[in-house]
Amino acid sequence: MKRSYSTDTFAPFREGLFRTLWVAAFISNIGTWMQNVGVGWLAATLSASPLVIALIQTATSLPALLVSYPAGVISDHSDRRKFLIGLQAFLFVVVLALAVLTLFKLLDIGLLLFFTFLIGIGSALTTPVWQAITPEVISKGRMKEAIALNGVNFNLARAVGPALGGILLVSGGISSIFLFNAVSFLALVAGLYRWKNTPSSAKSVEFRKTAIEGLRAVRKSKSFRQLLIRSVSFTAFVSILFAFLPQLSKYEWHQNSSQYTWLWVSLGIGALGGSYLYGIWNKSLTAAKIVFISCELVAVCLFLLTETRDFYLLNAIMFLTGIGWINATSTLNVLAQELSPTEFKGRFLAINVTVFQGSIALSSMFWGYLSSLLTTVVVMKIAAVSMVVFCGALAFFPMEEAETNIQESVACSDPLLQYQVK
């Protein structure tokens with residue numbers, strides 16, 4: 001399936017609302033990636049147990065399994081602007097409290113898991129609603145360019161955030177990272193206040209009835225179900241990297257916090273490069289082929305990470321992982337947008353996030369438990385080989401393509417690690 005490029009990628013920046021929200025989202029995404037670095041290293045400092053460290057990823061992703069779909073139902077029949085502002089205020093308070101507890105050295109691994117879970121709840125409620133507002137904040141004719149720029153936003157933050165997080169981690173301590181992240185939520189609140197939206201005129205309906213209608217619609221959509229299966233086949237295995245990376249860095253590779261930070265930076269730079277590659281692949285490859293190639297690349301990288309401790313080789317492998325990761329998640333996320341009917345947009349996207357993040361949460365817990373019986377390196381190898389087999393098997397089951405495409409060139413942001421944007 002061939003896809004064409006837009007001739008004016010930066011056209012959405014001519015619209016003040018989009019420009020304001022884009023800048024606010026960029027600040028917020030930087031804060032998110034800074035915190036990802038800080039939380040992982042802090043968990044590895046507070047505990048040497050691979051299982052406990054893996055539970056940080058579970059605490060981040062599990063809320064999506066619990067609340068994303070209700071959020072999607074609400075988003076189809078509510079004022080999305082007010083809902084998002086309330087969520088950002090909640091997250092500001094939670095992360096600020098985390099910063100204070102860390103500053104006064106009152107934080108232990110149990111409290112860190114608890115606050116990570118609370119942040120995960122706010123993120124899980126935010127993601128499907130944020131994805132659903134895109135058509136409301138940009139002119140219809142500039143939709144694909146807007147999604148492309150949102151992808152640039154997220155991937156730039158993915159590269160910049162860990163680097164800034166590493167600098168703050170060394171110079172100001174982990175509490176300074178949490179404080180920056182808390183303030184970054186306020187940037188998005190300010191941007192949302194400038195948006196004078198028109199709330200949905202949909203009639204108020206029973207929550208249970210609306211939820212069931214959405215589930216029935218997904219059940220009838222063969223193409224969307226095929227998408228969900230591929231999401232699980234990817235996330236169930238790639239989750240091990242984000243669950244184990246802090247433990248591998250500190251205890252297997254004997255790295256310091258700066259070296260750990262560089263692993264994230266390399267991943268982010270790989271994602272930026274992968275965004276460009278995504279545009280090239282999109283011109284001639286089907287979505288199913290892009291997902292297959294990306295999954296196999298990530299699987300190979302997972303295996304290679306167990307075969308070396310050389311700092312430069314590890315960063316090169318993380319760079320390649322970033323390419324595979326962004327191409328797989330972007331393709332899956334774009335398909336979720338394309339395959340979601342307008343009247344069920346919030347609910348379909350919420351189910352996608354629920355499956356995506358729920359798979360990460362449960363598989364992270366499983367890999368962590370397995371590592372308590374075996375070694376972390378052995379479990380990584382098992383995950384890598386299993387990913388090759390499962391993702392390879394799906395190549396024999398063709399996936400239906402969307403009839404039209406709202407995104408044509410640049411990889412868009414993904415729900416992994418969670419937050420597309422705060």
Exactly one of these conditions fails for residue 85: (1) at pLDDT below 85; (2) in contact with a Leu (Cβ under 6 Å, 6 or more places away or on another chain). Give me its number.
(1)
Suppose we keep only residues that are closer than 21 Å to residue 386 by Cβ and polar (S, T, N, Q) within the range 285-307. Which one would you say is least open to solvent (accessible area, probe 1.4 Å)?
294
One residue is enough: does the range 29-36 have a residue meeting the conditions in contact with a Leu (Cβ under 9 Å, 6 or more places away or on another chain) and among the β-branched types (Val, Ile, Thr)?
yes
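Yes/no matrix, rows are residues, columns are (1) touching a residue at least 60 places away in the same chain (Cβ under 8 Å); (2) outside any helix (DSSP H, G or I); (3) among the hydrophobic types (A, V, I, L, M, F, W, C):
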{"site": "232", "(1), (2), (3)": "yes, no, yes"}
{"site": "235", "(1), (2), (3)": "yes, no, no"}
{"site": "238", "(1), (2), (3)": "yes, no, yes"}
{"site": "245", "(1), (2), (3)": "yes, no, yes"}
{"site": "250", "(1), (2), (3)": "yes, no, no"}
{"site": "254", "(1), (2), (3)": "no, yes, no"}
{"site": "264", "(1), (2), (3)": "yes, no, yes"}
{"site": "270", "(1), (2), (3)": "no, no, no"}
Take residue 212 and decide whether it is more than 25 Å from residue 58 (Cβ to Cβ), open to solvent by less than 10 Å² (accessible area, probe 1.4 Å) and part of a helix (DSSP H, G or I).
no
Name the residue, out of 102, 60, that is in contact (Cβ under 8 Å) with a residue 40 or more places away in the chain, open to solvent by 10 Å² or more (accessible area, probe 1.4 Å), within 30 Å of residue 251 (Cα to Cα) and over 20 Å from the mean Cα position of the chain (by Cα).
102
Anything in the range 226-246 that is over 17 Å from residue 317 (Cα atoms) and either more than 16 Å from the chain's Cα centre (by Cα) or open to solvent by 10 Å² or more (accessible area, probe 1.4 Å) (or both)? List them, or say none.
226, 227, 228, 229, 230, 232, 233, 236
Has the range 73-89 got any residue that is part of a loop (DSSP other than H, G, I, E, B) and open to solvent by 40 Å² or more (accessible area, probe 1.4 Å)?
yes
Applying the selection to the range 146-165, what residues are open to solvent by 10 Å² or more (accessible area, probe 1.4 Å) and of a type outside the set (A, V, I, L, M, F, W, C)?
150
Here are the criteria: (1) buried (at least 19 other Cβ atoms within 10 Å of the Cβ); (2) of a type in the set (Asp, Glu); (3) at pLDDT 85 or above. Tell me which single one residue 108 does not satisfy.
(1)
Answer yes if at least one residue in the range 372-385 is farther than 28 Å from residue 259 by Cβ and open to solvent by 10 Å² or more (accessible area, probe 1.4 Å), and no otherwise.
yes
So if I check each of 266, 239, which one is modelled with pLDDT of 85 or more and under 27 Å from residue 397 (Cβ atoms)?
239
Criterion violated by residue 333 - all others in (1) assigned to a helix (DSSP H, G or I); (2) of a type in the set (S, T, N, Q); (3) farther than 22 Å from residue 159 by Cβ satisfied
(3)
Selected residue (criterion: modelled with the highest pLDDT) from residues of the range 371-400 that are touching a helix residue (DSSP H, G or I) at 6+ places or on another chain (Cβ under 6 Å) and in a loop (DSSP other than H, G, I, E, B):
395
Here are 329, 321, 306: which of them is β-branched (Val, Ile, Thr) and farther than 18 Å from residue 381 by Cβ?
329
Scanning the range 111-142 residue by residue, those over 18 Å from residue 91 (Cα atoms) and open to solvent by 40 Å² or more (accessible area, probe 1.4 Å) turn out to be 135, 136, 139, 140, 141, 142
Matching residues in the range 317-350 - criterion: being open to solvent by less than 20 Å² (accessible area, probe 1.4 Å) and over 26 Å from residue 260 (Cα atoms)
331, 332, 333, 334, 335, 336, 340, 346, 347, 348, 349, 350
Inside the range 300-327, the number of residues satisfying the requirement of being assigned to a helix (DSSP H, G or I) and of a type in the set (S, T, N, Q) is 3
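The values are calculated or read from the model by the stated rules, or taken from the named source; none is laboratory data. Just so it is clear, the model here is predicted, and its values are computed rather than measured. All Cβ positions, glycine included, derive from the backbone under ideal geometry; neighbour counts span all protein chains shown. These accessible areas exclude ligands, DNA and RNA; they are computed on the full protein's heavy atoms, side chains included. Shrake-Rupley method; radii C 1.70, N 1.55, O 1.52, S 1.80 Å.
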